[in-house]
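The values are calculated or read from the model by the stated rules, or taken from the named source; none is laboratory data. These numbers were taken from a predicted model, which means no experiment stands behind them. Heads up, the Cβs are rebuilt from the backbone with ideal geometry, glycines too, and the neighbour counts pull from every protein chain shown. Please note that ligands, DNA and RNA were not included when accessible areas were found on the heavy atoms of the full protein model with its side chains. Shrake-Rupley method; radii C 1.70, N 1.55, O 1.52, S 1.80 Å.
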Amino acid sequence: MRIPGPEEIRALHEKHAPTAEAFASVHRHCELVWGVAEQLLASPRLAHLDAELVRAGCLLHDIGVYRLYGEDGRLDHKNYIRHGLLGHELLESEGYSAALCRFCSHHTGVGLTRQDVVRQNLPVPPADYLAETPEERLVMYADKFHSKSHPERFLTPDAYAAHVGRFGEEKVTAFQALREEFGDPDLARLAPQAELPPVTG
């Protein structure tokens, strides 16, 4: 499988971003998620993971968000849950492998089940959208610590656990299992990187 590098991925973001603001928000978030994952990968117990694949997964996972911007430049928050599938379709149309496409469609929350989709009446086809490989799980996990809604802030593990608890105790349990698998990132070390660069153009 060919894994694209950071420059190729940045060019892909630039190609699909509808505005400079959208690019700044989404691409920067993806870079910060990679920062979290890269730190966790330094642990010897994660030496078996494919770091290059994790990097590509982090940098690509939210590319589908661009397809949710309207002509007025506003994000369609109501259908935000669809961004993973939209990203999967976008990468597929660009000729990327299924393994890369899955980082988009299988990173939402701590995994969406068919039951979640039906019970919450979500606007995606009923199916299981669960991270399966260690690389997919790490990208999904690293994504939980930074929100595009608050670009200057990271979420601590406890804060995310409290947030995800709204969706059921089983989601908290799933998040705790990810914490045990990958460990907690040192967010104090990452926090200075979280400020968005100024938007130009």
Could you say whether any residue in segment 80-92 is out of contact with any strand residue (DSSP E or B) (no Cβ under 7 Å at 6 or more places or on another chain), farther than 30 Å from GLU169 by Cα, without any contact (Cβ under 8 Å) to a residue 40 or more places away in the chain and of a type in the set (D, E, K, R)? yes
Counting only residues that are open to solvent by 20 Å² or more (accessible area, probe 1.4 Å), in contact (Cβ under 8 Å) with a residue 12 or more places away in the chain, part of a helix (DSSP H, G or I) and over 18 Å from ALA131 (Cα atoms), segment 162-190 contains a total of 2
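Among the candidates GLU52, GLU89, GLU14, which residue alone is of a type in the set (Asp, Glu), more than 21 Å from PHE182 (Cα to Cα) and out of contact with any helix residue (DSSP H, G or I) (no Cβ under 7 Å at 6 or more places or on another chain)?
GLU89
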Residue check, GLY73 against (1) assigned to a helix (DSSP H, G or I); (2) farther than 17 Å from CYS104 by Cα; (3) open to solvent by less than 50 Å² (accessible area, probe 1.4 Å); (4) without any contact (Cβ under 8 Å) to a residue 60 or more places away in the chain, all met but one. Which one? (1)
Residue pairs qualifying under the 7 Å Cβ cut-off, at least six apart or on distinct chains, with the first in segment 1-23 being closer than 16 Å to GLU92 by Cα and open to solvent by 30 Å² or more (accessible area, probe 1.4 Å) and the second being of a type in the set (Val, Ile, Thr) and modelled with pLDDT of 95 or more, are HIS16/ILE63
Number of positions in segment 92-105 that are of a type outside the set (Lys, Arg), outside any loop (DSSP other than H, G, I, E, B) and within 16 Å of GLY57 (Cα to Cα): 8
Top-ranked residue in segment 106-132 [being surrounded by fewer than 23 Cβ atoms within 10 Å (Cβ to Cβ) and polar (S, T, N, Q); ranked as farthest from LEU46 (Cα to Cα)]: ASN121
Any residue at all in segment 72-83 that's modelled with pLDDT under 95 and among the small types (Gly, Ala, Ser)? yes
State the number of residues belonging to segment 106-159 that are modelled with pLDDT of 95 or more, among the acidic types (Asp, Glu) and assigned to a loop (DSSP other than H, G, I, E, B). 2
Condition first: surrounded by fewer than 19 Cβ atoms within 10 Å (Cβ to Cβ), in contact (Cβ under 8 Å) with a residue 12 or more places away in the chain and within 16 Å of ASN79 (Cα to Cα). Can you find one or more residues in segment 133-145 that meet it? no
Only one of these conditions is not met by TYR66: (1) over 15 Å from the mean Cα position of the chain (by Cα); (2) crowded, with 19+ Cβ neighbours inside 10 Å; (3) hydroxyl-bearing (Ser, Thr, Tyr). Which number is it? (1)
